[in-house]
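The values are calculated or read from the model by the stated rules, or taken from the named source; none is laboratory data. Small disclaimer: the values here were computed from a predicted structure and weren't measured. Ideal geometry is used to build each Cβ from the backbone, glycine not excepted, and the neighbour counts take in all protein chains shown. Heavy atoms of the whole protein, side chains included, go into the accessibility calculation; ligands, DNA and RNA do not. Shrake-Rupley method; radii C 1.70, N 1.55, O 1.52, S 1.80 Å.
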Amino acid sequence: MSRRPRPRRPAPVSTSRPKRGWLVLGVVVTGVVLGTIIWAMLPVSPTTLRKRAEDAEARNNWPDALLAWRKLNTTDAARGKTWMGEARACLALDLAAQAEVALKKATDADPADIQAWRSWLDILRTEGRLLDSERVGWRAYTSVEHGQKSTILKDLTLALLFFDDTLDNLPDDRTLARLDRWVKADPDDVAARIALHRRVASLPRPGDPDVAEWIEYLSRVVSTRPDEIMAREALVQTLSDLGEIDPGRAALDGWPENRRDAGYARLKGRWDLEYDKNPARAATNLDFALKQLPQDWRSRALLARALQALNEPEAARKQAAEVAALRELLDPANLVPRLAADFSGWEDARARNDLINLCSRAGLERLADAWRREASGTIAR
C-alpha cells in the first residue's frame, strides 16, 4: 500500500524586507526632524529677518511681524527704524507698555526720528502722564530737525494743557476704548490700568474693580515693584480721598528718594495740610510742585488754603484768583475750540499771538517762548 505524500508546509514568509523598510523610513523621518531643528537653530541673517517683518506687516500679520522685528533687534543690525518697527507691531496689537520700551530704544538710536517721538507722546498723553509728557516732549523738541519742531510743540501743548485732571472731563470715548483694548491685550500694563480706572472711577461699569479691590491691586503692585511711581501715586491719592491716614502715609513715605519730583510734592503738600496740619511745610511742597506744574489749579487751591492758615491773606487771595482764572482758561469747553482755531490759523498773527498768550497765561513760559521762536521763523519765511 503506497503512502500518501505529505502535504508541503508553506514556506515561511520573510519579514526582513518590511523591517528594513520601516527602518529606512524611521531614519528618513528622524533626519528630516533633526534637519528642521538644526535649520531653525541656525542664525537667520538680519536681511532675511527684516524682509520677514516687512512682508508680515504688508499682510497685517502683526504677531509674525513683531516676532521678526524682535529677533532682528537682538542682532547688531538693530537701528532706530527696526525698533520703530517693533513698536509699530506692538501698537497694532495694543501692547502699549511694550511699545513704549521699543520707542525708548528707537529715540535713543535715532533721536531725529519724529515719528518715534510722536508715537511715544501719544501713549503718554492717552494715559494722562503729565510729567512724563513734559520730559519726553522737550527731549523730542531739542532732537528733531528745525522744520519739525512745531509738530512736536503741538503734541506737547495738548499734553500740558489737557493734563490729567482736566483730561478726565473730556467726553472722549475713543480714548476710553483705546485704554480698554490696551488693558485687555496686556493685563500687566499698570499705566494703562490706572489711566482707565481714573476715567471710569466716578461711574464704574460692570466688572470694574470696587474701591477695596482697587486698593488691593495698587498695594500689590507697589509691594512688588516699589519704583512703579504711577501705582504709588494712585494708591496715595485713593487712600487720601478715603481718609485712610496710616496706610496712605506709609505709601507716601515709601516713595523712592530719587523720584520725589512735582508729582510727589503735590501729594505731600496735600498730606501736610489736610492730615498733618502743617501749613508751612505744605506751602513749601506745593510751591515746589507748582514751579514744574504751574497749570495745576488743584495744587494752587491747596496753596491758597495753606497761605490763609499762615495768616498771609493777600498772598492767599492772589493764589485763589489765579485758581479761578486757570479753571476758566483750561475748561475744555473753551480750550478745545480755541486751540483748534489757533493751530489751523497759524499763518494769521492773531492766532499766533493768542496761542502764545494762552501758554503764558497757563504759566507755561518755556512753551510760550518756544512758540514765540516758531512765530518769528514763520514771519521770517
Discussion item. Over the chain, with a Gaussian network built from C-alpha contacts below 10 Å, which listed residue (Arg174, Arg139, Arg198) shows the highest mean-square fluctuation?
Written reply: Arg174
Practice prompt. Answer with one residue from Ser360, Val221, Ser133: the one whose Cα lies farthest towards the positive end of the charge dipole of the chain, charges on Cβ with Lys, Arg +1 and Asp, Glu -1.
Written response: Val221
Discussion item. Cross-link candidates for Lys51: which lysines have Cα within less than 27 Å, leaving aside residues fewer than 8 places away along the same chain?
Written reply: Lys71, Lys81, Lys104, Lys105
Discussion item. Give the lysines reachable from Lys318 as a straight Cα distance under 27 Å; neighbours fewer than 8 places away on the same chain don't count.
Written reply: Lys268, Lys277, Lys291
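If we count every other residue with Cβ under 9 angstrom of Trp346's Cβ, Lys/Arg +1 and Asp/Glu -1, where does the sum land? Write down the numbers at each step before the final one.
Values: positive: Arg352; negative: Asp342, Glu347, Asp348, Glu374.
Taking every other residue near Trp346 into account, the sum is -3.
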Item to complete: Can you tell me the equivalent ellipsoid semi-axes for the chain? Use √(5λ) from the Cα gyration tensor, largest first, whole Å.
Response: 61, 29, 17
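Need the full-extension length gain, Ser360 to Arg281, defined as separation in residues times 0.36 nm minus the C-alpha distance. One decimal, nm. Spell out each step's value before the answer.
On the way: separation 79, 0.36 × 79 = 28.44 nm, distance 2.80 nm.
In short, 25.6 nm is gained.
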Discussion item. Among Ala212, Ala321, Asn285, whose Cα projects farthest towards the positive end of the dipole of region 186-321, with charges put on the beta-carbon of Lys, Arg (+1) and Asp, Glu (-1)?
Written reply: Ala321
Worksheet item: Applying 1/(1 + (r/R0)^6) with R0 = 22 Å to the Cβ-Cβ distance of Asp246 and Asp210, what FRET efficiency is obtained, to the nearest 0.05?
Response: 0.55
Item to complete: Starting from the Cα-Cα distance between Asn334 and Thr224, subtract it from 0.36 nm times their residue separation and give me the gain in nm to one decimal.
Response: 35.4 nm
Discussion item. Taking the 0 to 90 degree range and rounding to the nearest ten, how far is the long axis of helix 16-41 tilted relative to the main principal axis of the chain, both from C-alpha atoms?
Written reply: 20 degrees
Worksheet item: Between the helical axis of 349-361 and the dominant principal axis of the chain, each derived from Cα atoms, what acute angle in degrees is found, rounded to the nearest 10?
Response: 90 degrees
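Whole number in Å², please: accessible area per residue of the chain, 1.4 Å probe, ligands, DNA and RNA not counted.
56 Å²
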Worksheet, complete the sentence: Total charge of the residues flanking Ala109 in space, meaning their Cβ is under 9 Å from its Cβ, with Lys and Arg +1 and Asp and Glu -1, is 0
Worksheet item: Against the longest alpha carbon principal axis of the chain, how many degrees, from 0 to 90 and to the nearest 10, is the axis of helix 313-329 turned?
Response: 50 degrees
Worksheet item: Roughly to the nearest percent, how much of the accessible area of the chain is carbon and sulfur, given a 1.4 Å probe?
Response: 55 percent
Worksheet item: What list of ³J(HN,Hα) couplings, whole Hz, do you get for region 248-263 from phi and the Karplus terms 6.51, -1.76, 1.60, once you set θ to phi - 60° and write x for glycine and proline?
Response: x, 5, 4, 5, 5, 5, x, 4, x, 4, 7, 10, 8, 9, 4, x
